[in-house]
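Notes for the one structure printed next.
The values are calculated or read from the model by the stated rules, or taken from the named source; none is laboratory data. In this text the structure is predicted, and so the values were computed from the model without any measurement. When we count neighbours, we look across all protein chains shown, and the Cβ atoms used for this are built from the backbone with ideal geometry, even at glycine.
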Amino acid sequence: MLKNNTPPDLTINTDLARTILTGFLRTEIGRMGFAHAVVGLSGGIDSALSCFLVAEALGPQNVLAVRMPYKTSAPDSLAHAGLVIDALGVQSLTVEITEMVDPLFAKFPGMSDRRKGNIMARARMVVLYDQSEAFRGLVVGTGNKTEILLGYTTVYGDSASALNPIGDLYKTQIRQLARAVGVPEPILQKAPSADLWSGQTDEGELGFTYADVDQLLYLLIDQRYSPEDLVDAGFPEAFVRSVIERVRRNQFKRVLPLVAKLSNRTVGYDFLYLRDWGT
């Protein structure tokens, strides 16, 4: 049981987190034989934080920030991404994806916003991985722990990356670290949005706030509380059950494609790390 139904404290030591995450980026990118990184910069807080961290880890001259607007993207998304580019002095590129995706949209006139959003997310990843080759840099992820657990990502779209520095931070903690590293204030204050269609917001689409679901996920995942304990602590039972179901059914998004096991050292099961191969 939770003591006195006290809400969990998701406060992090931002100085320590910053040191660990920049060290992670520097070490792992170097270990893979690279010295550069590519980041998709949306104008939101998550990609801004990833860009700040990788610029600190590698030096801004070794980072390429790529803006990839669609014709209906909010104007401030491009402007806010520009604030990050200007603040850090990273290299930058803008590639509009409208002409990439509109022909496919036109083939399916009744296509839903969700389908269009998934196509746009995957088109952006095509651009990022092309620039990964051109810039000789690894694609750095921009997804947070809340989204990863809830499956609020597009497979082979925004969930794709070579490594992710912020994937173990809940959205609440993203805000703390983003403020600490100097992410511009307009980005800190804006409502979270994937900007996939006009008026879209993350919390509106999810049906709950990040503040509420972060507390629930922290107790459920990190602290291993039972659903019954969470209901007793005051979380609505329907909310608890719906979040658990989202985490469960989206497990496939958090792992590599399952490989049928035939040998005694199957990739993803028994062969997980290089261990003694000089890494």
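Structure values in brief
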quantity: Matching option when the condition is at pLDDT below 90 and either in a loop (DSSP other than H, G, I, E, B) or closer than 26 Å to Thr6 by Cβ (or both), among Leu216, Leu196, Leu220; calculated: Leu196
quantity: Options Met100, Met68: the member that is touching a residue at least 12 places away in the same chain (Cβ under 8 Å), farther than 20 Å from Leu177 by Cα and buried (at least 23 other Cβ atoms within 10 Å of the Cβ); calculated: Met68
quantity: Candidate set from region 138-152 (those that are part of a loop (DSSP other than H, G, I, E, B) and touching a Lys or Arg at 6+ places or on another chain (Cβ under 6 Å)); member that is surrounded by the fewest Cβ atoms within 10 Å (Cβ to Cβ); calculated: Gly151
quantity: Wholly enclosed helices (runs of 4 or more DSSP H) of region 55-137 bearing at least 1 residues over 25 Å from Pro186 (Cα atoms); calculated: 98-107, 113-135
quantity: Leading residue by the ranking (nearest to the chain's Cα centre (by Cα)) among those in region 155-184 that are among the hydroxyl-bearing types (Ser, Thr, Tyr) and either crowded, with 21+ Cβ neighbours inside 10 Å or part of a helix (DSSP H, G or I) (or both); calculated: Ser159
quantity: Which numbered condition Asp15 fails, given (1) closer than 30 Å to Arg224 by Cβ; (2) charged (D, E, K, R); (3) modelled with pLDDT under 95; calculated: (3)
quantity: Tally, over region 210-240, of residues that are without any contact (Cβ under 8 Å) to a residue 12 or more places away in the chain and exposed (fewer than 14 other Cβ atoms within 10 Å of the Cβ); calculated: 7
